[in-house]
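Q: My questions all concern the structure below.
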Protein chains: 2
Amino acid sequence: MKLIIAKSAGFCFGVQRAMEMALDAAKRYPLPLYTLGPLIHNPQAVEYLEGLGIKVKEQMEDISRGTVILRSHGVSFKDLEKAKKKGIKIIDATCPIVKRAHFFAKFLRRHGYALLIVGDADHPEVEAIRSYHDREVEVVETPETLKRLGPWKKVGIIAQTTQSFDLFKEVVAASLSRAKEVRVFNTICDATTVRQKEAVEIAKKVECMIVAGGYNSGNTQRLAGICREKQPRTYHIEIAQELNPKWLVKKGRVGLTAGASTPSWIIKEVEREIKRIKGRED
Amino acid sequence: MKLIIAKSAGFCFGVQRAMEMALDAAKRYPLPLYTLGPLIHNPQAVEYLEGLGIKVKEQMEDISRGTVILRSHGVSFKDLEKAKKKGIKIIDATCPIVKRAHFFAKFLRRHGYALLIVGDADHPEVEAIRSYHDREVEVVETPETLKRLGPWKKVGIIAQTTQSFDLFKEVVAASLSRAKEVRVFNTICDATTVRQKEAVEIAKKVECMIVAGGYNSGNTQRLAGICREKQPRTYHIEIAQELNPKWLVKKGRVGLTAGASTPSWIIKEVEREIKRIKGRED
């Protein structure tokens, strides 16, 4: 059996940075220590942080004192204001690439553009970006959404940083029918694009494709979706134990990639488990 | 037989305006009276103007005195300078919608954008727009062209006013891989889009499609190309006499449209000829 593992699998720069800031905070600051929502979209990594005393709270209302780590996806305007008002210490682990998307959203609104965010309406990154703008902001999940929006004189477009580049292109193309001026800042993280491209190349070559990462991770879900288009035998798992040996029967070439929030130890475990199953088969 | 004639067939606003300005000039100004290149891309209309004493000169070098009518496609920077220097009277019949494309090209260059013009490199409108900019301007004829251009930090995109909207969308989408910021002004003339959409709708319904207009007319060529995708039995003719009765044999539904530079008298003649042929058949 040949196992092809994506070089780009696992933690991206922003997630790595957030994890390091959280580990550092656990050493330096007294409890209570919180994150608002899971620090990253990976239950196993979050569990590990909980072991260090970092608790997940879903709402700022549930935090009254101590230190809060703002997660890589960023935080909404209201939650930030609440934390400041309560005098809670803030460690801002928002990914700098996400901050860049915030910057361009503000830039476009300040210059009078209606704003479109290509992304998932209920993703915390998108919710946070949107929260800083009270009007003329729309989240676009599909090019079809545009038919019921606009028309505008001028429209600005950004993307959720982990969005599919193809969807972004489709929405931009469709927007040209709805506005005379379209101004686009490509805020998709290069790491996302590189990861998606590499995954597609591997999916084309193999007979079975494994994508590891949190079920709550949007970028992992999209990664699996993109791979599935090339190789229908694509399986999204969260941990090694979920690997079904049947998937690998008589598969000469197997591919493995992982989302931006999947820890390297999980990827290693999946790799070992694939090799163990295939070894038994031989 | 049912003959469906496009409501949008024939002279657009800019061509109508240029023709009226030329006819007016023929009454009011003494000879010599010139146009630099054909006033519009229709040999029959140009022949009519020649009958009124308006001569076509291909180069400004060939004009030394009198009055020159600048055609609907606009004129290059150098030619305009030459005409001014020689003291030739200028009647500017450049289409206002083409002027708008010039304006946005200048706006984008002034704000530091590399400029892409989606169009045919040797079309006089595109040549004219391009001539006002000495660097960082590229004409893009296909999305593939982009692969050898850029990358840019910021790129601005406009289109030849009679360009295909689908090509424009494809180029804009492709440019997103080549620049972090893409700023687009949709300079395609609405009349072009309306004409193309209506033509496609008719082409879908008929068994034979006739597109009338100058062989040298880019927008007529594109109109025929777009119709041919829906109805392979699409024929581009310049005048009624070119209609081949064989094309119409046993065709219950026939469609007719015409380019932006096709005079109404030619459309009428084609209509009469189709009816004559089909009448003879019955």
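Where a number appears in this text, it was derived from the coordinates with a stated rule and is not lab data. The shown structure was predicted, so the numbers you read here are calculated from the model rather than taken from an experiment. Glycine also receives a Cβ, built like all others from the backbone with ideal geometry; neighbour counts cover every protein chain displayed.
Q: I'd like the full set of residues that are under 21 Å from residue B:125 (Cα atoms) and not hydrophobic (A, V, I, L, M, F, W, C), limited to segment B:207-229.
A: Hits for segment B:207-229 are B:213, B:214, B:215, B:216, B:217, B:218, B:219, B:220, B:221, B:222, B:225.
Q: Tell me, yes or no, whether segment B:205-221 has at least one residue that is farther than 18 Å from residue B:41 by Cα, more than 18 Å from the chain's Cα centre (by Cα) and free of Cβ contacts under 8 Å to residues at least 24 places away in the same chain.
A: Looking for residues that are farther than 18 Å from residue B:41 by Cα, more than 18 Å from the chain's Cα centre (by Cα) and free of Cβ contacts under 8 Å to residues at least 24 places away in the same chain, one finds none in segment B:205-221, hence no.
Q: Do the conditions hold for residue A:207, that is, is it of a type in the set (D, E, K, R) and facing another protein chain (nearest Cβ under 9 Å)?
A: Criteria not met by residue A:207.
Q: Could you tell me whether any residue of segment B:209-228 is farther than 26 Å from residue B:14 by Cβ and of a type outside the set (A, V, I, L, M)?
A: no
Q: Run residue A:203 past the list (1) touching a Cys at 6+ places or on another chain (Cβ under 9 Å); (2) surrounded by fewer than 24 Cβ atoms within 10 Å (Cβ to Cβ) and report the number of the one that doesn't hold.
A: (2)
Q: Continuing with the same structure: Which of the following residues is crowded, with 22+ Cβ neighbours inside 10 Å, basic (Lys, Arg) and within 23 Å of the chain's Cα centre (by Cα): A:230, A:169?
A: That would be A:169, the only listed residue that is crowded, with 22+ Cβ neighbours inside 10 Å, basic (Lys, Arg) and within 23 Å of the chain's Cα centre (by Cα).
Q: Further, regarding this structure: Taking only segment B:1-36 into account, find how many residues are aromatic (Phe, Trp, Tyr) and within 27 Å of residue B:255 (Cβ to Cβ).
A: Result for segment B:1-36: 2.
Q: Here's a follow-up. Is there a residue in segment B:83-99 that is touching an Asp or Glu at 6+ places or on another chain (Cβ under 8 Å), under 28 Å from residue B:164 (Cα atoms) and not basic (Lys, Arg)?
A: Yes, there is a match, as at least one residue in segment B:83-99 is touching an Asp or Glu at 6+ places or on another chain (Cβ under 8 Å), under 28 Å from residue B:164 (Cα atoms) and not basic (Lys, Arg).
Q: I'd like to check something: does segment B:145-155 contain any residue that is within 24 Å of residue B:98 (Cβ to Cβ), surrounded by fewer than 18 Cβ atoms within 10 Å (Cβ to Cβ), without any contact (Cβ under 8 Å) to a residue 60 or more places away in the chain and polar (S, T, N, Q)?
A: Yes.
Q: Still on this model: I'd like the full set of residues that are more than 20 Å from residue A:18 (Cβ to Cβ) and β-branched (Val, Ile, Thr), limited to segment A:87-128.
A: Keep residues of segment A:87-128 that are more than 20 Å from residue A:18 (Cβ to Cβ), which gives A:87, A:104-118, A:121-122.
Once the filter is applied, which keeps residues that are more than 20 Å from residue A:18 (Cβ to Cβ) and β-branched (Val, Ile, Thr), segment A:87-128 yields A:117, A:118.
Q: Looking only at segment A:133-188, filter to residues that are assigned to a helix (DSSP H, G or I) and hydroxyl-bearing (Ser, Thr, Tyr); which one of those is farthest from the other protein chains (Cβ to nearest Cβ)?
A: Among those residues, the one meeting the criterion is A:145.
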